[in-house]
Amino acid sequence: MRARGEAEGASRAKSQFLASMSHELRTPLNAIIGFSEILERELFGQLGEERYRDYARLIHESGEHLLGVVNGILDMSKIEAGKFTIVREPFGVGALVESCCEIMRHTAETKGLTLTTEVAADLPELAADKRACKQMLLNVISNAVKFTETGGWVKVAASVENGNVVFAVSDNGIGIAEKDLPRLGNPFVQAASSYDRSYEGAGLGLSVVRGLAQLHGGSLELDSTLGQGTTVRIVLPLDAGEDPAASGARAAAA
Ligand SMILES: Nc1ncnc2c1ncn2[C@@H]1O[C@H](COP(=O)(O)OP(=O)(O)OP(=O)(O)O)[C@@H](O)[C@H]1O
Ligand SMILES: [Mg+2]
């Protein structure tokens, strides 16, 4: 009993530490990103030397990358500490899918990928945290785009199955080996197939998706074949009710 109390205390301390560290890191990062962008665009005058513009661009890109990692850590630590409160509001599922695909379309097309949507016509509104749903979809779509080679396709579908709204993002990309599947969705875990070919990323996206889905009383499901493609499903109950995960999080946050 005592050991368990100590372990929980340590885990809370870790989450607290990560949350405050992430906050401290974000403030200077915003200055780095903002000012390097001004330099890169030469808003107040020419830099003169080509290499200076390259360096400004690199600082800007690295800053954006680091901010993504820090945001992932912050979200994960909030979810683990039970401090991520979801706020439900009804919204149209189709419009959300379209807006997420709009955001990803440029990256997909630049990479030579076909990005399509398939949204059932008669979907009811979903009462969920809209920002969280957008983040879940963007994380999963950006994975599909990242892990699919030029010429491939990514399909984003939404439907209702057994009282759940199901977002299914499929691709014909590099796929995931069966032995790697069970571990994915835990922080910092990446599959060997992506690791070998060194794709960008910290391995946080899916764990954030899983945490946010669970806060809605839902789940994350992965189905993949190495070398053939992947389908990631986000399953969210339509009847929100008072799901235990969300009320637990509220109780812990209170
Ligand atoms: N569509 C996919 N196809 C192939 N592998 C995938 C796909 N989605 C996820 N993976 C595997 O799951 C791992 C974890 O995904 P996750 O989104 O958590 O991390 P990441 O994309 O590597 O980094 P981050 O999202 O933090 O930038 C990936 O590194 C990759 O190995
Ligand atoms: Mg990712």
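Take the conditions among the basic types (Lys, Arg), surrounded by 15 or more Cβ atoms within 10 Å (Cβ to Cβ) and not assigned by TED's automatic domain parsing to the domain that holds Phe147 and apply them to Arg57. Does it pass? For Arg57, the condition - among the basic types (Lys, Arg), surrounded by 15 or more Cβ atoms within 10 Å (Cβ to Cβ) and not assigned by TED's automatic domain parsing to the domain that holds Phe147 - is met. Any residue in the stretch 27-54 that's touching a residue at least 40 places away in the same chain (Cβ under 8 Å): show its pairings with residues that are among the aliphatic types (A, V, I, L, M) and in a helix (DSSP H, G or I) at Cβ separation under 8 Å, as long as the two are six or more apart or on different chains. That search, which allows pairs on different chains as well, returns Leu29/Leu66; Leu29/Leu67; Leu29/Val70.
Restricting attention to the stretch 122-164, the residues that are assigned to a loop (DSSP other than H, G, I, E, B), surrounded by fewer than 16 Cβ atoms within 10 Å (Cβ to Cβ) and not β-branched (Val, Ile, Thr) total 7. Hey, could you check the stretch 165-209 for residues that are assigned to a loop (DSSP other than H, G, I, E, B) and under 15 Å from Leu138 (Cβ atoms) and say which is nearest to the chain's Cα centre (by Cα)? In this case the residue turns out to be Leu204. Scanning the stretch 206-226 for residues that are touching a helix residue (DSSP H, G or I) at 6+ places or on another chain (Cβ under 6 Å), surrounded by fewer than 22 Cβ atoms within 10 Å (Cβ to Cβ) and of a type outside the set (A, V, I, L, M, F, W, C) gives Gln214, Gly217, Ser219. Across the stretch 60-94, what is the number of residues that are farther than 23 Å from Lys146 by Cα, part of a helix (DSSP H, G or I) and out of contact with any Leu (no Cβ under 8 Å at 6 or more places or on another chain)? Within the stretch 60-94, residues that are farther than 23 Å from Lys146 by Cα, part of a helix (DSSP H, G or I) and out of contact with any Leu (no Cβ under 8 Å at 6 or more places or on another chain) number 2.
The residue of the stretch 228-254 that is nearest to Met76 (Cα to Cα), among those that are at pLDDT 95 or above and surrounded by fewer than 18 Cβ atoms within 10 Å (Cβ to Cβ), is Thr231. In contact with an Asp or Glu (Cβ under 9 Å, 6 or more places away or on another chain) and without any contact (Cβ under 8 Å) to a residue 60 or more places away in the chain - does that describe any residue in the stretch 94-112? Yes, because at least one residue in the stretch 94-112 is in contact with an Asp or Glu (Cβ under 9 Å, 6 or more places away or on another chain) and without any contact (Cβ under 8 Å) to a residue 60 or more places away in the chain.
Out of the stretch 112-121, which residues are modelled with pLDDT of 95 or more and either in a helix (DSSP H, G or I) or surrounded by fewer than 17 Cβ atoms within 10 Å (Cβ to Cβ) (or both)? Once the filter is applied, which keeps residues that are modelled with pLDDT of 95 or more and either in a helix (DSSP H, G or I) or surrounded by fewer than 17 Cβ atoms within 10 Å (Cβ to Cβ) (or both), the stretch 112-121 yields Gly112, Thr114, Thr116, Thr117, Glu118.
Taking first residues from the stretch 194-219 that are under 19 Å from Pro237 (Cα atoms) and partners that are of a type in the set (Phe, Trp, Tyr) and more than 14 Å from ligand 2 (Cβ to nearest atom), the Cβ contacts under 9 Å between residues at least 6 apart in sequence or on separate chains come to Gly211/Phe84; Leu212/Phe84; Leu215/Phe84. Every test in (1) more than 23 Å from Gly185 (Cβ to Cβ); (2) in contact (Cβ under 8 Å) with a residue 40 or more places away in the chain is passed by His65 save one, and that test is (1).
The values are calculated or read from the model by the stated rules, or taken from the named source; none is laboratory data. Since the model is a prediction, treat every value here as computed from it, not as a measurement. When we count neighbours, we look across all protein chains shown, and the Cβ atoms used for this are built from the backbone with ideal geometry, even at glycine.
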